[in-house]
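Engineer: One structure, as structure tokens, below. Some questions next.
The values are calculated or read from the model by the stated rules, or taken from the named source; none is laboratory data. Everything numeric here is computed off the predicted structure, so don't read it as measured data. All Cβ positions, glycine included, derive from the backbone under ideal geometry; neighbour counts span all protein chains shown.
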Amino acid sequence: MLKMRPYQEGDSFPEISPQPGKGLYFLAVDEGKLMGWCRWRLTPAEVRIEEVEDGGDPQVFDGLVRGILSIVCDQGIDRAVFSEKIRPDRLATSLISVDRDNALKSIDYFLNNCKKCKMF
């Protein structure tokens with residue numbers, strides 16, 4: 001069963017190498033196998049989604065990004081910026097509408113009003 005979760009101390013996946021100051025990781029893991037990951041940074045004003053590896057599966061991308069958005073929204077962060085490494089087609093498939101700065105202005109509005117979120 002696929003589970004989405006933050007990187008935990010003791011995790012050992014050769015595909016990623018978390019380093020202090022280089023961002024946090026959110027993982028998609030299926031029975032101990034890494035299926036995808038997202039590297040992100042948090043500031044007092046926003047979250048920056050820096051890199052996503054989804055193994056070619058748009059649903060893994062969607063789960064990773066929405067998982068991070070949910071975590072930071074619970075902490076009172078309401079703006080997300082996506083790096084240039086993030087594929088625009090994946091954002092479109094996930095119904096994430098970004099502005100010309102590649103930013104999602106309101107995470108809270110997105111999570112509470114997105115048709116895809118309301119499906120579940």
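Engineer: For the range 32-56, name all the residues that are within 14 Å of the chain's Cα centre (by Cα) and more than 19 Å from Pro14 (Cβ to Cβ).
Structural biologist: Once the filter is applied, which keeps residues that are within 14 Å of the chain's Cα centre (by Cα) and more than 19 Å from Pro14 (Cβ to Cβ), the range 32-56 yields Trp40, Arg41, Leu42, Glu46, Val47, Arg48, Ile49, Glu50.
Engineer: Which of the residues spanning the range 36-70 are aliphatic (A, V, I, L, M) and modelled with pLDDT of 95 or more?
Structural biologist: Within the range 36-70, Val47, Ile49, Val52, Val60, Leu64, Val65, Ile68, Leu69 qualify.
Engineer: Still on this structure, I have one more. May I ask you to list the residues in the range 95-108 that are within 14 Å of the chain's Cα centre (by Cα) and outside any loop (DSSP other than H, G, I, E, B)?
Structural biologist: Ala103, Leu104, Ile107
Engineer: Which residue out of Ser83, Ser12 is at pLDDT 95 or above and over 20 Å from Tyr109 (Cβ atoms)?
Structural biologist: So the residue among Ser83, Ser12 that is at pLDDT 95 or above and over 20 Å from Tyr109 (Cβ atoms) is Ser83.
Engineer: Considering only residues that are among the β-branched types (Val, Ile, Thr) and in contact with a helix residue (DSSP H, G or I) (Cβ under 6 Å, 6 or more places away or on another chain), look in the range 46-64 and name the one that is farthest from Gln75 (Cα to Cα).
Structural biologist: Val52
Engineer: Identify all residues within the range 16-28 that are modelled with pLDDT under 95 and surrounded by 10 or more Cβ atoms within 10 Å (Cβ to Cβ); write none if there are none.
Structural biologist: Ile16, Pro18, Lys22, Gly23, Leu24, Tyr25
Engineer: Identify the single condition in (1) part of a strand (DSSP E or B); (2) under 21 Å from Glu84 (Cβ atoms) that Lys22 does not satisfy, given that it satisfies every other one.
Structural biologist: Only one criterion in (1) part of a strand (DSSP E or B); (2) under 21 Å from Glu84 (Cβ atoms) is unmet by Lys22, namely (1).
Engineer: Which of the residues spanning the range 49-94 are buried (at least 17 other Cβ atoms within 10 Å of the Cβ), part of a strand (DSSP E or B) and not hydrophobic (A, V, I, L, M, F, W, C)?
Structural biologist: Glu50, Glu53
Engineer: Follow-up. Only residues that are surrounded by 10 or more Cβ atoms within 10 Å (Cβ to Cβ) and assigned to a loop (DSSP other than H, G, I, E, B): list them for the range 2-14, please.
Structural biologist: Tyr7, Asp11, Phe13
Engineer: Scan the range 45-70 for residues that are among the aliphatic types (A, V, I, L, M) and in contact with a Ser or Thr (Cβ under 7 Å, 6 or more places away or on another chain) and report the count.
Structural biologist: Residues flagged as among the aliphatic types (A, V, I, L, M) and in contact with a Ser or Thr (Cβ under 7 Å, 6 or more places away or on another chain) within the range 45-70 amount to 2.
Engineer: Being in contact with a Gly (Cβ under 7 Å, 6 or more places away or on another chain) and closer than 17 Å to Leu111 by Cα is the requirement here; does Leu91 meet it?
Structural biologist: Criteria not met by Leu91.
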